[in-house]
Amino acid sequence: MIQTNNSEETTQLPDIQSTGDVRKVAINKVGVTNVRYPISLRTPGEGEGNTFLHTVATINMFVSLPHHEKGTHMSRFLEVLNEYHEELCSDTLVEICASMREKLKSQDAFLDLTFPYFIDKKAPVTGQSGKLDFDVRFEIAAGTIDDFIMTLKVPATSLCPCSKEISEYGAHNQRCEMTVKVRIADGVHLWIEELFAMIEKCASTQVFSVLKRPDEKWVTERAYENPKFVEDIVRDMAVTLNADDRIEWYQCFSENFESIHNHNAYAFIENDKREKTD
């Protein structure tokens with residue numbers, strides 16, 4: 001039986017990625033996408049007793065590549081991720097991004113995670129509890145610019161003010177999806193649950209996972225009493241975000257899935273609160 005030394009074989013294999021490239025074209029982002037990985041997210045608890053929510057994230061991992069290098073080492077992305085498999089949580093994400101940059105010897109690194117998040121939400125009248133899910137995204141950068149953006153997609157209900165005004169009875173309503181992207185000031189914290197609660201109040205009414213008949217009556221009447229165009233929704237989102245000093249920059253938009261049209265209504269606002277205004 002012939003035995004071989006795997007480490008010696010590895011050192012003798014050619015490393016094509018590290019060879020030069022003559023085209024002189026730098027690449028902004030190169031890496032791996034659609035990596036599914038378990039993650040733990042810290043949630044607010046009583047006093048010091050924070051708990052963790054366990055979910056599965058879809059992860060994209062990138063670095064920048066200078067013009068003189070042919071390719072990056074794709075396997076190293078997963079190596080970095082697997083180094084944190086015992087503690088891949090919200091507390092270590094910035095550290096992971098910095099570790100990617102170091103391990104791949106790159107000027108910039110980018111970490112992008114999208115995952116379903118769950119909150120316990122009680123029905124408005126009966127108090128029936130249920131799990132409500134929504135999508136969250138973290139975008140992290142390390143290097144030339146250090147950055148962290150949190151995105152939430154918040155489901156809600158909107159009711160058309162025009163329809164209510166012109167109809168003898170009733171008004172058409174629709175589901176809407178409000179999206180908010182925020183940058184948080186250094187040294188402060190904003191829980192996912194806090195931002196979700198702030199944004200869902202900007203619609204005509206909230207949505208719930210469990211509704212009994214008294215709850216359904218409340219939701220229907222609440223929407224009718226609080227009609228909003230898509231423009232009203234994003235303006236209320238902007239007013240809410242402007243009032244929170246923890247938020248330095250935001251984008252907010254809403255898409256209303258029309259019930260009497262085969263198209264959707266959409267509105268968008270962006271504001272960098274760090275910029276001076278007249």
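The values are calculated or read from the model by the stated rules, or taken from the named source; none is laboratory data. All of these numbers come straight from a predicted model, not from anything done at the bench. Because the Cβ atoms are built from the backbone with ideal geometry, glycine has one as well, and the counts that use them run over all protein chains shown.
Close Cβ contacts (under 6 Å, 6 or more residues apart or on different chains) running from residues in region 31-42 that are in a strand (DSSP E or B) to residues that are of a type in the set (Gly, Ala, Ser) comprise Tyr37/Ala57; Ile39/Ala57; Leu41/Ser90; Arg42/Ser90.
When Val188 is tested against the conditions (1) surrounded by fewer than 15 Cβ atoms within 10 Å (Cβ to Cβ); (2) aliphatic (A, V, I, L, M); (3) not in a loop (DSSP other than H, G, I, E, B), the lone failure is (3).
Could you tell me how many of the residues in region 60-89 are closer than 30 Å to Arg23 by Cα and in a strand (DSSP E or B)? So the answer is 7.
Given the structure, is Phe208 among the aromatic types (Phe, Trp, Tyr), more than 20 Å from Glu270 (Cα to Cα) and either modelled with pLDDT of 95 or more or surrounded by 18 or more Cβ atoms within 10 Å (Cβ to Cβ) (or both)? Here the answer is yes, as Phe208 does meet what is asked.
Suppose we keep only residues that are assigned to a loop (DSSP other than H, G, I, E, B) and touching a residue at least 12 places away in the same chain (Cβ under 8 Å) within region 161-185. Which one would you say is surrounded by the most Cβ atoms within 10 Å (Cβ to Cβ)? Looking at the filtered set, the residue picked out is Ala171.
The one condition from (1) of a type in the set (D, E, K, R); (2) part of a strand (DSSP E or B); (3) not assigned by TED's automatic domain parsing to the domain that holds Phe208 that Lys153 does not meet is (3). Just one of the listed residues (Ser75, Ser90) is exposed (fewer than 12 other Cβ atoms within 10 Å of the Cβ), modelled with pLDDT of 85 or more and of a type in the set (Gly, Ala, Ser), and it is Ser75. Going through region 225-256 one residue at a time, which ones are closer than 16 Å to His172 by Cβ, touching a residue at least 12 places away in the same chain (Cβ under 8 Å) and part of a helix (DSSP H, G or I)? Answer for region 225-256, where residues must be closer than 16 Å to His172 by Cβ, touching a residue at least 12 places away in the same chain (Cβ under 8 Å) and part of a helix (DSSP H, G or I): Val230, Asp232, Ile233. Kindly indicate whether Asp133 is surrounded by fewer than 17 Cβ atoms within 10 Å (Cβ to Cβ), under 30 Å from Val219 (Cα atoms) and within 18 Å of the chain's Cα centre (by Cα). Yes.
Considering (1) surrounded by 15 or more Cβ atoms within 10 Å (Cβ to Cβ); (2) within 20 Å of the chain's Cα centre (by Cα); (3) over 16 Å from Thr240 (Cα atoms), the lone condition that Val154 does not fulfil carries the number (3). Here are some residues: Glu221, Glu255, Glu275. Which one is surrounded by 13 or more Cβ atoms within 10 Å (Cβ to Cβ) and over 18 Å from Glu194 (Cα atoms)? One residue alone meets the criteria, Glu255.
Let's see how each residue does on (1) touching a residue at least 40 places away in the same chain (Cβ under 8 Å); (2) not acidic (Asp, Glu):
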position	(1), (2)
Phe196	yes, yes
Ile199	yes, yes
Ala223	yes, yes
Glu258	yes, no
Tyr266	no, yes
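Could you tell me whether region 179-192 includes any residue that is over 20 Å from Glu248 (Cβ atoms), among the charged types (D, E, K, R) and at pLDDT 95 or above? Scanning region 179-192 turns up no residue that is over 20 Å from Glu248 (Cβ atoms), among the charged types (D, E, K, R) and at pLDDT 95 or above.
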